[in-house]
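Participant: Have a look at this one before I ask anything.
Every read-out reported here was derived from the displayed coordinates using simple, explicitly stated rules and does not represent laboratory data. This one's a predicted model, so the numbers in the text were calculated from it and none came from an experiment. Using ideal geometry, Cβ is built from the backbone for each residue, glycine included, and neighbour counts are taken over all protein chains shown.
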Amino acid sequence: MDKELFDTGIDARSRVLGPEYVTRAFGTADSFNLAFQKLVTEYCWGGVWGQTALSDKQRSLNNLCILASLNRGTEFKLHFRGALRNGATLEELRETLIQIAVYAGVPAGVEAFRLAREVLEAEGVTPPPADPAEMPDLGDLA
């Protein structure tokens, strides 16, 4: 294990996912998955998130696109929370999810919006209501 990369990874992982998450991940590790926790921390968080050309927010938005495309809902929700921690605005998140729908397919976009709503509710984030002027006329359906 590269101690410097691991330490960088602990810092990045804690910054993005929260120190509670990292403490829990290592606190529940056992002989079966401890090596994996170390690998993820060093390789993903230290080696990738430790780079400086992209901001944490940019990396979070990139991850959302990738995770939605791969249909990895649990990881998507984790990284959606991380994107909020990294300062992603609701507008940036919405546009990212729309991009997912266009490039990964509408079903992936539908699921991304559904999972995002779960995270927003759990985090106590309430988007403002839609502007009535932007609502379509539904005619007799309403």
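Participant: Can you tell me the orientation of helix 90-104 relative to the chain, as the angle in degrees between its alpha-carbon axis and the longest Cα principal axis, to the nearest 10?
Facilitator: Long axis of 90-104 versus the principal axis of the chain: about 90 degrees.
Participant: Which whole-Hz ³J(HN,Hα) couplings does segment 74-89 yield from phi under the Karplus relation 6.51 cos²θ - 1.76 cosθ + 1.60, θ = phi - 60°, glycine and proline marked x?
Facilitator: Couplings: 5, 5, 4, 5, 4, 7, 5, 4, x, 4, 4, 4, 7, x, 5, 7 Hz.
Participant: What number results when the radius of gyration of segment 55-124, computed over Cα atoms, is divided by 2.2 N^0.38 Å? Provide the component values of the computation, followed by the final result.
Facilitator: On the way: Rg = 10.4 Å, N = 70, 2.2 N^0.38 = 11.1 Å.
Expressed relative to 2.2 N^0.38 Å, the Cα Rg reads 0.94.
Participant: Only Cα pairs under 8 Å and at least 6 apart count here; give the relative contact order of the chain as a rounded whole percent.
Facilitator: Answer for the chain is 21 percent.
Participant: Per residue Cα convex hull volume for segment 1-53, in cubic angstrom? Intermediate results must be reported in sequence, preceding the final value.
Facilitator: Working: hull volume 3.3 nm³, N = 53.
Spelled out: Cα convex hull of segment 1-53, divided by residues, is 62 Å³.
Participant: Report Rg(Cα)/(2.2 N^0.38 Å) for the chain, keeping two decimals.
Facilitator: On the way: Rg = 17.8 Å, N = 142, 2.2 N^0.38 = 14.5 Å.
Output field value: 1.23.
Participant: In addition: Okay, helix-only estimate at 222 nm for the chain: each DSSP H run of n ≥ 4 adds -39500 (n - 2.57), divide by all residues, round to 500 deg cm²/dmol; what do you get? Let's see the in-between values first.
Facilitator: Working: 7 runs with 89 residues, N = 142.
Per the formula, -20000 deg cm²/dmol.
Participant: Right, another one. For the residues Ser31, Ser69, what sequence is obtained by ranking on other C-beta atoms within 10 Å, fewest first?
Facilitator: Working: Ser31 6, Ser69 15.
Starting with the residue having the fewest Cβ neighbours, the order is Ser31, Ser69.
Participant: So, in Å, what gap is there between the alpha-carbon centers of segment 31-58 and segment 108-142?
Facilitator: 33 Å
Participant: Determine which lysines satisfy two conditions relative to Lys77: a Cα distance under 25 Å, and not lying fewer than 8 residues away in the same chain.
Facilitator: Within the straight-line cut-off, Lys77 pairs with Lys38, Lys57.
Participant: Relative to the longest principal Cα axis of the chain, at what angle does helix 56-69 sit, 0 to 90 degrees, rounded to 10?
Facilitator: For helix 56-69, the angle is close to 70 degrees.
Participant: Taking the mean number of other Cβ atoms within 10 Å as a proxy for protection, how do you rank 21-29, 70-78, 41-49 from highest to lowest? Mind dumping the intermediate values first?
Facilitator: On the way: 21-29: 13.3, 70-78: 15.0, 41-49: 19.0.
Highest mean packing first, the order is 41-49, 70-78, 21-29.
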